[in-house]
1. Could you pull out every one of the helices (runs of 4 or more DSSP H) wholly within the stretch 167-272 that has 2 or more residues that are closer than 19 Å to ILE286 by Cα?
2. Got a number for residues in the stretch 361-410 being closer than 15 Å to ASN453 by Cα and not small (Gly, Ala, Ser)?
3. Only residues that are away from ligand 2 (no atom under 16 Å from the Cβ) and touching a Gly at 6+ places or on another chain (Cβ under 8 Å): list them for the stretch 259-276, please.
4. Please state which of the following conditions ASN274 fails to meet, knowing it meets all the rest: (1) within 14 Å of ligand 1 (Cβ to nearest atom); (2) touching a helix residue (DSSP H, G or I) at 6+ places or on another chain (Cβ under 9 Å).
5. Could you go through the stretch 40-49 and let me know if any residue there is farther than 22 Å from ALA169 by Cα and either of a type in the set (Gly, Ala, Ser) or not assigned by TED's automatic domain parsing to the domain that holds MET228 (or both).
6. Which number in (1) at negative phi; (2) buried (at least 19 other Cβ atoms within 10 Å of the Cβ) marks the one condition that THR298 misses?
7. Just for the stretch 316-368: of the residues that are among the β-branched types (Val, Ile, Thr) and under 27 Å from GLY32 (Cβ atoms), which one is surrounded by the fewest Cβ atoms within 10 Å (Cβ to Cβ)?
Amino acid sequence: MSKLPDESFRDSIGTITTEGKRNFIFPKKPSGKFYDKRKILSYILLAFLLSAPFIKINGNQFLLFNVLERKFSIFGFPFWPQDFHLFVMAMIVGVVGLTLFTVAFGRIFCGWFCPQTIFLEMVFRRIEYWIDGDRGSQMRLDKQKWDADKIKKRVTKWVIFFIISFIIANVFLAYLIGSDKLIQYITEGPAKNISTLVALLIFTSIFYFVFAWFREQVCIIACPYGRMQGVLLDNQSINVTYDHVRGEGETGRAKWDKRENRAETGKGDCIDCNQCVVVCPTGIDIRNGTQLECVNCTACIDECDTIMEKVGLPKGLIRYASEDEIVTKEKFRITTRMKGYIAVLTILIGVLISLLFMRNDVEATVLRLPGQLFEHKGENISNIFTYKIVNKTVKDFDSVYFKLVSPKGTIKLVGNPYVKIDKEGLAQGTLFIEINPAFLEGDKTRVKIEIYNKDELIETTKTNFLGPRSFN
Ligand code: SF4
Ligand code: SF4
């Protein structure tokens, strides 16, 4: 009877013990070609993440997600609640783009671009290696009694982790409330901004908890993207993959013995050194196949390549490859599913670009006051309207006025005929439109209004004007 493959690894996760307790991972410090490249990319992305809320384009924050005041700015383009459809469209494009990317290239995003991985692996974990040493030293320190050496190392690490978490919390707040406000609060001091300080400390605690303790559990348990892999990946998706055909050979993996010729014995190229497992930050064995826990960090590729080099076997036993490429040696190709996603993505990007081009910096609405019909004013017919003008720009409008373009008539604002609208502000009020009945098209006439700031036309809008039926 043929032996069934051992699938017991699917019943548990490496970071939880059989008693259900947390099994803290002490991964070996990665090194190698991929790790070096990831380091460079991570530092570029870190610089971007930390500076994006402080960069301004035309006075707009480069990235702003002010959910409370419903103000958003993406790549320097301000989005208002009125632009919500654009924001939703941009989000849909992002989700479809990421889905397409995942179908083709697996979880590359997690290993190379995700802020959680970048902060954990390239900031916190590197500080830990610096203070506590590599895997062996970390495990010994963990078991060590609380003597002066352990206290010194632990306190140093925790204080540094707290300071970095506090910095991240500040940047996070700059994304939420805007960097100008954050700097203003810092300048005013914590005593005047107790609620902001409390929010900062809550964010700091969350970041500290995530990066000092929860760590890879975010990717395994909490991240929805990770859990979507099961439906997104197929046999043609590129992933960090163990070449089981080569690694297991005819008789399976076996320890290295330099005296024997492995090709003759039928043994696979995997020398069962376990180094790909000890270096894995999520504690899995990639030789069991693609798993939900794998964040495609490439640490096992580097580690296995080092081992292969040492024993004189070809590198790439663990590499970026699809399952089909491993089994049938079939090269990467664009599948029907990918073509479908590309088509949808192209259409969505087209719609988004068109909407962005059609979007105005100023948005005005003029609506008839509900329940009001019309009035006779001398020879004219008068309607009462409410108006609302949103100034999405970063400059103040000092002298805004209305002009009736068609039909011929007059517009009178209640109060000051010139309106002032602050940058990123709005103005609303009441106005009367008077038109001679001779120019009316019936009981409902479409009127066109232009809105100027000084001599500059800033918006054109239309509304309905009511007149008596007898003028039909
Ligand atoms: S590092 Fe390579 S050779 Fe060593 S156990 Fe892993 S796959 Fe096998
Ligand atoms: S299996 Fe390899 S690529 Fe996946 S998380 Fe572990 S070390 Fe990283």
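1. The helices (runs of 4 or more DSSP H) meeting that bar are 224-227, 229-232, 244-248.
2. 19
3. ARG262, GLY266, LYS267, GLY268, ASP269
4. (2)
5. Looking through the stretch 40-49, none of the residues is farther than 22 Å from ALA169 by Cα and either of a type in the set (Gly, Ala, Ser) or not assigned by TED's automatic domain parsing to the domain that holds MET228 (or both).
6. Checking THR298 against (1) at negative phi; (2) buried (at least 19 other Cβ atoms within 10 Å of the Cβ), the one that fails is (1).
7. Looking at the filtered set, the residue picked out is VAL327.
Residues checked against (1) at pLDDT below 95; (2) outside the structural domain of ILE220 (by TED's automatic domain parsing); (3) under 30 Å from VAL88 (Cβ atoms); (4) in contact with a Ser or Thr (Cβ under 8 Å, 6 or more places away or on another chain):
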| site | (1), (2), (3), (4) |
| --- | --- |
| ASP302 | no, no, no, yes |
| THR306 | no, no, no, yes |
| GLY312 | yes, no, no, no |
| LEU317 | no, no, no, no |
| ALA321 | yes, no, no, yes |
| LYS329 | yes, no, no, no |
| ILE353 | yes, no, yes, no |
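The values are calculated or read from the model by the stated rules, or taken from the named source; none is laboratory data. Since the structure is predicted, the reported quantities are computational estimates derived from the model, not experimental observations. Reconstructed Cβ throughout: ideal geometry from the backbone, glycine too, with neighbour counts over all protein chains shown.
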